[in-house]
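Accompanying notes for the structure given below.
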2 protein chains.
Amino acid sequence: MREYNAAQCAAALQAQNNILILTHRNPDGDTLGCAFALLRALLSGGKTARVACSDEIPQKYAYMWAGISVSDFTPDYIVAVDIADEKLFGEPLYTGYRGRVDLCIDHHLSNTRYGDRLFLRECAATCELVYEVLAASHAEITKEIADCLYTGLSTDTGCFRYSNTTPHTYRLAADLLEAGADAAEINRVMFETKTRTYLKLEELVLNNLQMYFDGKCAVVTVTKEMFRQSGSNESECDGIASLSRRIEGVTVGVTLREREDGTFKVSLRTYAPVDAAKICGKMGGGGHARAAGCELSVDNFETEKQRLLEIIREELESI
Amino acid sequence: MREYNAAQCAAALQAQNNILILTHRNPDGDTLGCAFALLRALLSGGKTARVACSDEIPQKYAYMWAGISVSDFTPDYIVAVDIADEKLFGEPLYTGYRGRVDLCIDHHLSNTRYGDRLFLRECAATCELVYEVLAASHAEITKEIADCLYTGLSTDTGCFRYSNTTPHTYRLAADLLEAGADAAEINRVMFETKTRTYLKLEELVLNNLQMYFDGKCAVVTVTKEMFRQSGSNESECDGIASLSRRIEGVTVGVTLREREDGTFKVSLRTYAPVDAAKICGKMGGGGHARAAGCELSVDNFETEKQRLLEIIREELESI
């Protein structure tokens with residue numbers, strides 16, 4: 001593994017053809033934005049290239065590949081974008097391409113350095129790095145490429161809301177807007193739209209919301225029965241997990257999610273100074289100071305839930 | 001009324017003292033961000049100044065005035081920020097100061113040009129203009145001032161989500177981040193936190209959600225009884241109004257809100273090509289292509305609601 005910068009990536013891509021671009025499983029706006037921005041630039045440059053993903057790509061990203069037609073080919077050069085670990089290729093890409101990546105472009109410091117060449121820097125979104133590679137390639141940032149890259153920036157920062165957003169992120173967003181990115185429409189699709197099944201799940205969950213300790217702790221429970229009633233599923237559950245700590249005054253948000261086998265996965269989200277890792281550690285779990293997890297068994301669910309609440313109460317009283 | 005630019009505003013403020021800064025009623029992040037940024041800069045420059053608002057300022061904005069102590073004084077110079085019309089002063093400011101504004105700084109093209117001097121330009125937030133005035137004054141953009149101005153930018157653009165966000169908005173956000181603005185915390189308070197009463201209202205509303213015409217039309221009803229049950233009120237209703245059109249596949253979102261007198265206010269939100277103004281026009285109301293309104297009477301609520309749905313059906317079938 002050798003480190004590459006943007007200019008070296010650009011030169012390597014210029015020298016190659018029949019380029020396969022890998023995205024991670026459960027693809028998100030960043031891995032897809034990187035892949036299709038790079039694909040469009042390569043195709044414009046006369047290269048043969050295509051994007052591969054182990055999972056089906058959600059239709060809401062369809063604008064990224066609109067107007068592109070690609071045929072299959074045997075790859076001579078393999079690029080992985082926004083993938084920290086080969087295991088995240090998913091199947092069938094893991095079996096097909098592990099150990100074969102020529103160039104990895106990524107923003108995760110946890111990257112396992114699996115590629116032959118690696119362009120890695122911590123930043124809000126890998127799209128920031130792909131933009132640099134395209135700039136070094138003197139590729140034209142078309143409206144379509146700008147849409148792809150903007151999507152990565154926006155989705156990986158919660159629409160510029162999270163603390164990973166840097167001045168550079170904002171300035172790149174400005175450049176992409178000038179290049180024609182349809183930011184308002186992209187943000188509408190990515191952040192405003194909710195499915196009916198998700199809304200039904202949210203309603204059921206809110207109906208069961210429990211508050212403890214003068215409103216400092218909120219407990220949200222998501223059962224298999226709620227998934228069944230709402231027609232929703234695990235893949236729509238991200239919003240639910242953040243619901244509990246969004247309630248005014250809450251410093252400990254607890255989400256209990258029932259698994260297929262009847263055990264409960266506990267997600268704890270806290271605000272300073274409450275230590276989520278400390279609380280979950282006492283339950284046999286672990287994690288970070290503001291986000292941690294543990295498990296509750298099937299047989300002793302109520303007893304273990306009470307024990308968890310007791311630990312939270314002690315932690316709240318100690319601060 | 002004479003037009004001023006940023007440098008002229010800066011010179012005028014430099015020449016004055018005992019400066020009163022007016023904000024609009026139902027104050028939001030932009031009017032308050034402008035006011036407290038300007039106040040802090042004026043106080044640092046040795047001026048006597050204070051901010052006035054007809055309504056109580058919500059506690060979530062408390063960081064804007066943290067550490068400031070001001071005493072009362074008789075104003076010699078009156079500045080209005082982000083106020084399109086004197087009527088928006090609210091009471092008691094309207095009675096006290098209409099016809100007396102020396103300088104108005106605003107981004108609404110609908111501004112009624114009530115001030116003696118006016119610095120007006122259409123942009124995402126009036127905070128963009130106040131930033132220019134402070135820059136022209138060579139005022140130091142402290143962390144506290146950056147927090148105020150960032151709040152205006154972020155809240156008036158729905159956290160950089162709406163189509164009013166320009167490249168300039170993003171670049172200014174980058175500058176304010178570099179000046180120390182605590183963007184992630186501000187966005188958490190402004191966009192993540194929901195009150196328990198609002199969540200209860202959302203639950204009741206979702207429980208009553210009605211879908212029509214193959215899921216293209218969603219109708220959300222907010223009754224007085226729901227306000228009573230949830231403990232919520234009109235001031236928390238903004239989120240509810242946007243709920244109906246956030247559902248996947250919906251092109252016409254209808255919100256029916258019951259007033260004190262039992263009549264219903266109808267808010268229609270559409271996506272292209274559905275014409276909201278045309279639909280509401282047929283009901284005796286009006287508005288814009290994507291956002292319009294009308295009324296339903298107490299006595300014939302169900303009949304009028306059916307008539308509204310019939311008009312929507314015809315409009316959907318015609319496109």
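Kindly write out, for the range A:51-62 in residue order, the coupling ³J(HN,Hα) from the Karplus curve 6.51 cos²θ - 1.76 cosθ + 1.60 (θ = phi - 60°), rounded to whole Hz, with x marking Gly and Pro.
Per residue, the Karplus-derived 3J(HN,Hα) values read 10, 10, 9, 6, 9, 5, 8, x, 4, 5, 8, 4 Hz.
When a footprinting reagent is the concern and you count Cβ atoms within 10 Å, what order do A:222, B:81 take, fewest first?
A:222, B:81
Ignoring everything except DSSP H segments at least 4 long, calculate the 222 nm mean residue ellipticity for chain A; use -39,500 (n - 2.57) per segment, divide by total residues, nearest 500.
Here the helix-only value at 222 nm equals -11500 deg cm²/dmol.
Rounding to the nearest 20 debye, state how big the charge dipole of chain B is about its Cα centre with +1 on each Lys and Arg Cβ and -1 on each Asp and Glu Cβ.
Rounded to the nearest 20 debye, it is 100 debye.
Evaluate the charge dipole of the protein assembly as shown about its Cα centre and quote only its size in Debye, nearest 20, assuming +1 on the Cβ of each Lys and Arg and -1 on the Cβ of each Asp and Glu.
20 debye
Please work out the FRET efficiency for the pair residue A:317 and residue B:319, using the Cβ-Cβ distance as r and a Förster radius of 41 Å; give the result to the nearest 0.05.
Working from the Cβ atoms, E equals 0.10.
Scan the range B:224-319 for trypsin sites (Lys or Arg not before Pro) in coil per DSSP, keeping those whose Cβ has at most 14 other Cβ atoms within 10 Å, and list them by number.
Listed in order of number, the matching sites are B:259.
Cα-based Rg of the range B:1-70 per 2.2 N^0.38 Å, rounded to two decimals?
So the Cα radius of gyration is 1.15 times the expected 2.2 N^0.38 Å.
Counting only the backbone N, which residues of the range A:240-284 are under 13 Å from the spot 7 Å out from the Cα of residue A:307 toward its beta-carbon?
Residues passing the 13 Å test: A:280-284.
Would you mind telling me which residue in A:133, A:51, A:274 has the biggest mean-square fluctuation in a Gaussian network model of chain A, where springs connect alpha carbons within a distance under 10 angstrom?
A:274
Note down the relative contact order for the range A:251-319 as a percent, whole number, built from C-alpha pairs under 8 angstrom at least six residues apart.
Over the range A:251-319, the number comes to 27 percent.
What nm distances, shortest first, do you get from the label point of residue B:52 to those in the other copies when the point sits 7 angstrom along Cα to Cβ?
7.1
Please tell me which of these pairs span more than 28 angstrom C-alpha to C-alpha: A:200/A:265; A:265/B:194; A:60/A:87; A:143/B:194; A:200/B:265?
The answer is A:143/B:194.
Once the label point is placed 7 Å from Cα along Cβ, list for residue B:96 the distances to the corresponding points in the other copies, in nm, shortest first.
For residue B:96, the other copies' label points sit at 7.0 nm, shortest first.
When a/c reaches 1.5 or more, the comparison of a/b and b/c decides; with that in mind, is the range B:252-319 rounded, prolate or oblate per its Cα gyration tensor?
Cα axes put the range B:252-319 in the prolate bin.
Using Cα positions and a limit of under 15 Å, work out the aspartates and glutamates in reach of residue B:278, with same-chain residues fewer than 8 apart set aside.
Partners found: B:295, B:310, B:314, B:315, B:317.
DSSP loop GluC sites (Glu not before Pro) in the range B:1-89 with at most 11 other Cβ atoms within 10 Å of their Cβ, which ones?
Hits after loop and neighbour filter: B:56.
What are the ³J(HN,Hα) values, in whole Hz, obtained from phi via the Karplus relation 6.51 cos²θ - 1.76 cosθ + 1.60 with θ = phi - 60°, for each residue of the range A:94-108 in sequence order, with x given for Gly and Pro?
Values, residue by residue: 4, 5, x, 10, 5, x, 10, 6, 7, 9, 10, 10, 7, 10, 8 Hz.
Taking amide hydrogens as modeled 1.01 Å from N in the peptide plane, which residues meet the under 5 Å criterion relative to residue A:222, leaving out close sequence neighbours?
Close amide H contacts, sequence-distant or interchain: A:256, A:257, A:258.
Shielding by partners for B:194-204, please: the mean number of other protein chain Cβ atoms within 10 Å of each residue's Cβ.
4
What is the P(r) of chain A, as percent of Cα-Cα pairs per 20 Å bin from 0?
Percent of Cα pairs in each bin: 29, 51, 20, 0.
Taking the inverse of the average 1/r across all pairs of different Cα atoms in the protein assembly as shown, what Kirkwood radius in Å do you get?
It is 27.3 Å.
So if I take the centroid of the Cα atoms in the range B:55-119 and the same for the range B:275-313, what is the distance between those two points in Å?
Value for the Cα centre distance between the two parts: 36 Å.
If you take the Cα Rg of the range A:78-223 and divide it by 2.2 N^0.38 Å, with N the number of residues, what do you get?
With N residues counted in the range A:78-223, Rg over 2.2 N^0.38 Å equals 1.33.
Among B:120, B:309, which comes first, second and so on when ranked by fewest other beta-carbon atoms within 10 Å?
B:309, B:120
Just want the answer: with Cβ charges of +1 for Lys and Arg and -1 for Asp and Glu, which residue in B:78, B:118, B:101 is farthest toward the dipole's positive end in the range B:71-172?
B:118
Could you work out how far apart the two model spin labels at residue B:298 and residue B:163 are, taking each label as a point 7 Å from the Cα in the direction of the beta carbon, and quote it in nm?
Distance between label points: 3.9 nm.
In the Gaussian network model of chain A, springs joining C-alpha atoms below 10 Å, which of A:165, A:195, A:155 carries the largest mean-square fluctuation?
A:195
Using Cα pairs under 8 angstrom and six or more residues apart, how large is the relative contact order of chain A, in percent?
12 percent
Once you keep just the Cα pairs under 8 angstrom separated by 6 or more residues, what percentage relative contact order results for the range A:116-222?
23 percent
Can you give the mean number of other chain Cβ atoms that lie within 10 Å of the Cβ atoms in peptide A:167-177?
Taking all residues of A:167-177 together, the mean is 6.
None of the figures in this text is laboratory data; all of them are computed from the coordinates on show. Nothing here was measured: the structure is a model prediction, and the numbers come from that model. Please note: Cβ atoms are built from the backbone with ideal geometry, for glycine as well, and neighbour counts cover all protein chains shown.
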